[in-house]
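The numbers here are math on the coordinates, done by the rules we state, and not lab data. No experiment lies behind these values; they were computed from the predicted model shown. Glycine gets a Cβ as well: all are built from the backbone with ideal geometry, and neighbour counts include every protein chain shown.
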Amino acid sequence: MEPIRNALLIRGARVMDPESKFDEITDLLMGDGRILKIGAMAEDDLSALNIEKSSLQEMQGKGLVAAPGFVDVHSHFRDPGFTHKEDILTGAEAAAAGGYTSIVLMANTKPTVDRVETLEYVLNKGKQTGIHIYSCANVTKNMDGKEQTDFSALYDAGAVGFTDDGKSLMDAALLEKAMKDAAALQVPVSLHEEDPAYITLSGINRGKISEQLGLGGADRMAEAVMVKRDIAIAIKTGAILDVQHVSAKETVDLIREAKKKYPQIHGEATPHHFSLTEEAVLTYGTNAKMNPPLRTEEDRQAILAGIADGTLDMIATDHAPHSKEEKAVEFGKAPSGIIGLETAFSLAITHLVKPGVIDLMTLLERLCYTPAKVYKLNAGFIREGGPADVVLFDPEARKTYYSFRSRSQNTPFARIPLFGEVECTICDGKVAYVRTMEA
């Protein structure tokens, strides 16, 4: 048997696995892209596993948590077509810095990911990064909501789900057919839920702040009416439904009730929706503009409750890069969205774990295990023989973000002291990111 070269040993970390609930301070050995052993390692153990000691890399994990690499099922890397905002390489760098080893990309690029050739471009470029890049394909051609794409061909080419994120699917009959086809493939349909009939101006909640600024806004019912319709279609067709970036209390209630009888309904909570309210628009302007918008404190508390009880079972970043110039215009003309991959973990520690909304193991379920399970990715757990995708982090460290690896810098979370810092991200047993003084 050939010796295992370039193995990586983490000594004395708190190893946490959200699948088995394993939680112990011990050693973690990786090699050949997989986890070789969880447990105290002696010289004899290394010999028994045929580790080439001269090439063994050791890391000190004392005081740190070793967890599965984070999994984001909702990111925009803008490639192809909008690479002045982000591309697959810079997006992957930002992801690794945030502790992510698996990313599912959205399909609202130019051209859109509505055909095999574009999907292959995305996946092939993703192989040039140090992490795992997956992609959804579009539900409809050119995201025009009129003609369904070839689900079977796109699935065979590697699509892990279907979405027209950025636009809502208004044609219920088309969506029902699409959900039937997705159900046959057993992959999720992820939906942006905003009915334009309830929106005067997107990106800001219709309420006291929009009235104060004279901006119209997006009413909360824009989301709720769509979610109610689409839950019913999912149950009828047997589809796996991912309700994206939930913003409103009514939506949380709808998902909670639906999950009682139909567990294939899933809900995303974004860090910005569980951290901020519509008041942020007054402070951060267009860097607090997103679709769906930040809403009230009552909505934020409902999202926190949904995360706690598993109604919102996935934390997804909706990483949405835009250039400084694009955001530096009047509110109504600015694009919606903020970057999120690098700050998501710290925001989760600060707003979820530290206040006791959820414990650290539950956070890992929402960040790693459930997203991977819903999208059927080989990720989200730490198990001997499993993938060597690991993040080392310090949940007690103080972290302030002054700059970002993303090509864009559009965020309200710069220069704000937070808790939780990623020290190292390992993918396939190789270091994809290590914290530096400059970070």
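For segment 69-374, relative contact order (Cα pairs under 8 Å, six or more residues apart, normalised by length) works out to 17 percent. Length gained on full extension, A328 to T400: 23.6 nm, using 0.36 nm per residue less the C-alpha separation. A Förster distance of 22 Å, applied to the separation of the beta-carbon atoms of Q60 and T436, puts the FRET efficiency at 0.85. Highest GNM mean-square fluctuation among F77, F274, F331, for the chain modelled with Cα contacts below 10 Å: F331. Each Lys and Arg Cβ is given +1 and each Asp and Glu Cβ -1; about its Cα centre, segment 386-439 then shows a dipole of about 300 debye. Taking amide hydrogens as placed 1.01 Å from N in the peptide plane, the amide H of A397 sits under 5 Å from those of G420, E421, each at least 5 positions away in sequence or on another chain. The charge dipole of segment 138-293, taken about its Cα centre with unit charges on the Cβ of Lys, Arg, Asp and Glu (plus for the first two, minus for the last two), comes to roughly 380 debye.
Between the C-alpha center of segment 267-297 and that of segment 193-222 there is a gap of 13 Å. Each stretch of four or more DSSP H residues adds -39500 (n - 2.57); spread over every residue of the chain, this sum gives -8000 deg cm²/dmol at 222 nm. Here R383 and A42 are evaluated by their C-beta separation; at R0 = 22 Å the FRET efficiency comes out at 0.55.
Its Cα centre serving as origin, the chain has a Cβ charge dipole (Lys and Arg +1, Asp and Glu -1) of approximately 440 debye. Between L282 and Q301, the contour length at 0.36 nm per residue exceeds the Cα-Cα span by 4.8 nm. Taking the charge dipole of the chain about its Cα centre, with +1 at Lys and Arg Cβ atoms and -1 at Asp and Glu Cβ atoms, the residue from L49, T118, I35 reaching farthest to the positive side is T118.
Please sort by residue number the chymotrypsin sites (Phe, Trp or Tyr not before Pro) in segment 334-439 whose DSSP state is loop and whose Cβ has at most 15 other Cβ atoms within 10 Å. Mind dumping the intermediate values first?
Details: sites: F345, Y369, Y375, F381, F393, Y401, Y402, F404, F413, F419, Y433; in loops: Y375, F381, Y401, Y402, F404, F413.
Here the sparse-neighbourhood loop sites are Y402.
Arranged from fewest to most other beta-carbon atoms within 10 Å of their beta carbon, D230, D181, D156 become D156, D181, D230. Amide H contacts for G267 (H built 1.01 Å from N in the peptide plane; partners 5 or more residues away or on another chain; cut-off under 5 Å): V243, D313, M314.
Listed cross-link partners K21/K260; K62/K125; K62/K324 are compared with a 28 Å cut-off, the Cα-Cα value being larger for K62/K125; K62/K324. Of the trypsin sites (Lys or Arg not before Pro) in segment 103-156, the ones in a loop by DSSP (not H, G, I, E or B) with at most 11 other beta carbons within 10 Å are K127, K146. Of the GluC sites (Glu not before Pro) in segment 400-439, the ones in a loop by DSSP (not H, G, I, E or B) with at most 15 other beta carbons within 10 Å are E438. Hey, which of these cross-link pairs are over 31 Å Cα-Cα: K85/K376; K127/K259; K236/K373; K85/K261? Table pairs above 31 Å Cα-Cα are K127/K259; K85/K261.
Would you kindly state how much longer the chain becomes between N6 and N124 on full extension, computed as 0.36 nm times their sequence separation minus their alpha carbon distance, in nm to one decimal? Can you show the working numbers first?
Details: separation 118, 0.36 × 118 = 42.48 nm, distance 2.54 nm.
Fully extending the segment from N6 to N124 adds 39.9 nm.
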